[in-house]
Structure formats: structure tokens, C-alpha cells
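Notes to accompany the following structure.
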Amino acid sequence: MRLTYEGLKDAESWHNAGIDLPTYDPEKIAENTRKNPLWVHFGIGNIFRIFIGGIADSLIRSGLMDRGITCVETFDYDVADKIYRPFDNLALSVTLHEDGKTDKRVLGSLSEALKAPQDWERLKEIFTSKTLQLISFTITEKGYAIHGADGKYFPFVQADIDNGPEKPKGAMSIVTSMLYERFKAGAAPLALVSMDNVSQNGKKLRESVIETAEKWQEKGFVPTEFLSYIKDENVISFSWTMIDKITPRPSEDVEKMLSDLGVEDMGILVTSKKTYIAPFVNAEAPGYLVIEDKFPNGRPPLEKSNSGVYMADRNTVNLSERMKVTACLNPIHSALCTYDIMLGYRLFADGMHDPELSKLARTVGYSEGLPVVEDPKIISPRKFIDEVINVRFPNPYLGDTSARIATDISQGLAFRFGETVKAWVSRYGTEKTSQELIGIPLAIAGWLRYTMAVDDNGKKYELSPDPMNDEISRQLEGIEIGKPETVGSKLNPILSNTRIFGVNLYDAGIGSKIENIFREEISDFGAVRKTLKKYLAS
């Protein structure tokens, strides 16, 4: 069995292997898409293929959509060249249930794969089509950034600004240029929808697009009328979303399973840009996508896909995102992943079965997050966290590693912990916050202890990539395990840094507690476990 249009014609073999095939003709859907494009997506990696692609596949199967998604890559061209085009843009979706069962399904909804700016003329054809309704994105938070830490434009962004809208290189410049083409072709309306796991993602997308356009206008590349066009959210909307689906790297176990079933060429690829990808995608079953319902040119009936899609207003999207990121999921991820690594666990699910770490998860989520989180109404925070703690995180078949979760962890501390700390201070006051918060101080102290790159048994490990690794290491220089007196006042500049935590943790009443926990965790090898037991005993 080969994952191509031709290979799917042997339907009996796929059926015998327990793999569900499209109930429609993917070739015909692709032809419809090319003629009358409906939906373009930028950033065509794993979560897009299995979640967003799965939503589109369900709608097509139900007869609610007659076209697929045009897939555009602006960063890692190996994905288009080696994973999409050789397989006729088909994807093999593998859902990993907590009981070990798998659902295997071929998705035929990814109808065309393009590279930008290489496929420039084809992109212009698509963006000037009046049938186009939405542009969605999963390009990670970095994809929306146009400024460096010093506030200056990245060199490639500055080059795009200086060169104008003809074949720019950066994602935001490419999108802005395509909107200019749409403006010149009649200024038809359009929805731009960020689906990245980023707070207020639509706002970040809008700000980057508008700033790029303003710079072009200042240089005379575009008229002021173009700025009016993209600033009018009744014409060009920038919908906010909350997205949630754990999608690890492709699993070697899944690769072997598919190969044993007779599916050819399922090898995992590491691209030149270090993307781990394969013709298949594996992910958990649950998924949530809450979308601000603002689509000036119409939209597919996304909520009818039976794929966890909710259409809502902006406030509800914002509350859903805050529920997930500040209370019910991301804080637990961040609290446990560093302790997992220090206690010798590779898979996140294994740490969830550890008695201390399981209790830390419940403390951070139930005891500290839920009391101050605002209910978005469409999703129950209690039911959401119940599913996270009892079903999703302990899933041993998901294969998600704690090292992956720890990647760029410093960039989320302000939202994942700082927002809850601020909410506690606002609602209960500094004294009660200082007395009652235990899980979040343990999590922050654990992160600092983790950055010393030595586990609880004295074995060294490699830190996951993070832009603050070097800075934190310099600030902790001179601290030695076994000598808590070497801490001195070295933690003060970190714990008082509002850029990291969104709040001065001393002003919030927990800075000194975190210092004390950290000192205990470095008092000796084995002290990490001992400290967890002590503080979680209550």
C-alpha cells in the first residue's frame, strides 16, 4: 500500500489493514480547490495536518465542503518537497487512545502544497480569487515576530520593508503582499485566523501585518487606501482562537506499526530546519478549537465537523485561552516537565504516574488554578482539567517527551504562572497568597533547579532549547549543589523580573518561599525528591 492517489485504489488492502479511506475523491476535491480556492493555511506541520486537516476532511466527508485546503510553507521547504508532494498531499492520521487503541485514517483534504515566495504567481491567483474565505496559520509564535529583543527589525524583515511587496521573504511580509494583491484586484473581504497556541494570537497577527503595510506606505510602495482596507475589520478580520491538541513528534512505534501493516515509505524525516515529520501524524484524541466568529466573506460550517470546534465571540475565545494557558493545562505541563527530567523520566506520561508529580499536577491545577480562573461557559474548566489529569497527560501511548515540553519554557512563565499569581493577590491579598500557594512556587523553583543541568542523582543532561538558557545560567553561576549558602542573593534579579514572570514575585509574597525551596533542592543530591515530598505533604 502506498499513500498516493494511485495507491488508494486498492481499497480492500487498506480496509483489511484497518485504515479508513476518504469517502470522496481526493483528486476531484484537489481540482475544485485549484479552480475555486476556499481556504489557505500557512505553516503546514504536524498539528495542522492532523487537526485542521482532519476538520476539513470531516466536513468534506459530510458533504458540507466541496474543496480542501491550499497549504503554504514559508520556512521549511523540505516539508512540501518530501512529505506533501511525493504522497499527492495525502496524510495518514493516527489517533492514539489512552487504552492503546488507534484510529487510522487517510486525509484527502490537503489539496495543494505551495512554497512561498517560490510559487509567487500561483499565490497571487489564489489571493485574488473572490471565492477565498479564510487564511489560517500555525507558524508558531516566532512566525509573527518582526522585531528582535532590541526592538529593531530582524534583518530579513528590514530587507522586506526596504524592497517592498514584490516577493518578500518573511511570513508576515508575504501575507501583507498577498493582501495588497487582493486589494488591487477589487478589495474583496477576507478572514485571517491565527490558530497558534499564542495568547491573543489574532491581535499579534494584525499588528505585524499592519505595521508592515505602514512601512511600505511610508516608502511609497502602497497607497493609504490599502491601509484603510486592512484596518477595517469588517472587511479584513483577524479572528482570535484557542487551540489545544497534543501532537508529539512522529513515533517510531507508529512507523513500525504502519510498516508492519504493509504501508510503504512511512519513514520519519528530520528536515534541514530540524522539523521531525513523516507521511503520518500521531496525536491524542481530544482536541479543542475555539474561534472568534468573524468571517467577512463567509466560512465553512467549521462547528459541524464534530472535531471539537466552537464558534464564539472574542471575549469567550479569550476566556477559553486563559482557562487553558493559565490554569488547566499549560501550567501543569510547565510545572512537571522540569521535575520529570531531574527525576529521570523521559516521557511526560511516566511522570504523571509518579506520586509526588501527580500531586504537584493536582495542586497547580485544582488547588491554585481553578479558584481564580474565569469560566468561559462553552467549556467547563472543571471537566477540562479532569480530562487533562485523568485521561490526556497519563496517556502512555502518546509518546510526548518532557524535553519537548520544556522547550522555550521561559517564554511562557509570565502567562502560565504569573497570571494566576496576580489573580490570587487581587482576590485574596498578598498574605494569603504567600501562605497558600505551594504548587506554583515549587514549579518556579524547579525550573531554576532544572537550569543547572544536573539531575537529582548527579547525572548531567542537556537543557531543551530556550532563548534564556544562557542568561539564567550566567545569573546562577557560582551556585553549587551541596552548598545552599552559595545561593546568596543570586535569585533576586530573576524572581523580581517582571519580564520573565509578569509580576515581581517578592511583591506577590512568594519570592522568599521560592528561594527557600530552591536552597532545599540544591542542598544535596536526592534533595529534589525530598523537597517535593516535604512541601506537598500538606
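What to note about this one:
- Here the range 69-200 has 50 percent of its accessible surface on carbon and sulfur atoms, given a 1.4 Å probe and all protein chains in place.
- FRET efficiency estimate (nearest 0.05) - Cβ-Cβ, Glu141 to Asp260, R0 45 angstrom: 0.75
- In terms of its alpha-carbon gyration tensor, the range 98-147 comes out oblate; a/c meets the 1.5 threshold, while b/c is at least as large as a/b.
- Only helices enter the 222 nm calculation for the chain: every DSSP H run of n ≥ 4 contributes -39,500 (n - 2.57), and dividing by all residues gives -10500 deg cm²/dmol, rounded to 500.
- Rounded to the nearest 5, the antiparallel percentage of DSSP beta bridges internal to the range 20-139 is 30%.
- Surface analysis of the chain yields an accessible area of 40 Å² per residue, using protein heavy atoms and a 1.4 Å probe.
- Taking every C-alpha pair closer than 8 Å and separated by at least 6 residues, the mean separation divided by the residue count of the chain gives a relative contact order of 12 percent.
- As a length-normalised measure over Cα pairs under 8 Å and 6 or more apart, the relative contact order of the range 190-314 settles at 27 percent.
- Its Cα centre serving as origin, the range 293-388 has a Cβ charge dipole (Lys and Arg +1, Asp and Glu -1) of approximately 320 debye.
- Rg/Rg_ref, the range 397-530, where Rg_ref = 2.2 N^0.38 Å and atoms are Cα: 1.05
- 10 Å Cβ shell holding at most 12 others, DSSP loop, GluC sites (Glu not before Pro): longest site-free stretch of the chain: 167-461
- Relative contact order for the range 137-183: 28 percent, from Cα pairs under 8 Å spaced at least 6 residues apart, divided by residue count.
- Residue pairs, from the table Lys9/Lys256; Lys104/Lys245; Lys82/Lys274; Lys203/Lys377; Lys422/Lys530, whose Cα atoms sit over 19 Å apart: Lys9/Lys256; Lys203/Lys377; Lys422/Lys530
- Counted charge near Lys294, where neighbours are those whose Cβ lies closer than 10 Å (Asp, Glu -1; Lys, Arg +1): -2
- Whether the range 1-145 is rounded, prolate or oblate, judged on the alpha carbon gyration tensor where a/c under 1.5 counts as rounded: prolate
- C-alpha long axis of helix 419-428 to longest principal axis of the chain, angle in °: 60
- What separates the Cα centres of the range 487-518 and the range 102-180 is a distance of 40 Å.
- Reach of Lys35 by Cα under 19 Å, taken over aspartates and glutamates that are not fewer than 8 positions away in the same chain: Asp25, Glu27, Asp57, Asp66, Asp88, Glu112, Asp119, Glu121, Glu125, Glu181
- Taking a ≥ b ≥ c as the square roots of the eigenvalues of the Cα gyration tensor, the range 485-524 is prolate, since a/c reaches 1.5 or more and a/b is larger than b/c.
- Compactness of the range 325-394 is given as radius of gyration and Dmax, 11.9, 39 Å, from Cα positions.
- Neighbour-limited loop hits for trypsin sites (Lys or Arg not before Pro), the range 412-499 (at most 14 other Cβ within 10 Å; DSSP other than H, G, I, E, B): Lys459
- Counting DSSP beta bridges with both ends in the chain, the antiparallel % (nearest 5): 35
- Dipole of the range 225-355, positive direction: furthest Cα of Leu258, Gly344, Asn315, with charges on the beta-carbon: Asn315
- Charge-dipole axis of the range 326-403 as Lys and Arg at +1 and Asp and Glu at -1 on Cβ define it, positive-most pick from Asn330, Leu360, Pro381: Pro381
- Approximate spin-label separation Glu181-Asp20, in nm, with each point projected 7 Å along Cα-to-Cβ: 3.5
The values are calculated or read from the model by the stated rules, or taken from the named source; none is laboratory data. As the structure is a computational prediction, the values presented were derived from the model and not from experiment. With ideal geometry, Cβ positions are generated from the backbone for all residues, glycine too; neighbour counts draw on all protein chains shown. Please note that ligands, DNA and RNA were not included when accessible areas were found on the heavy atoms of the full protein model with its side chains. Shrake-Rupley method; radii C 1.70, N 1.55, O 1.52, S 1.80 Å.
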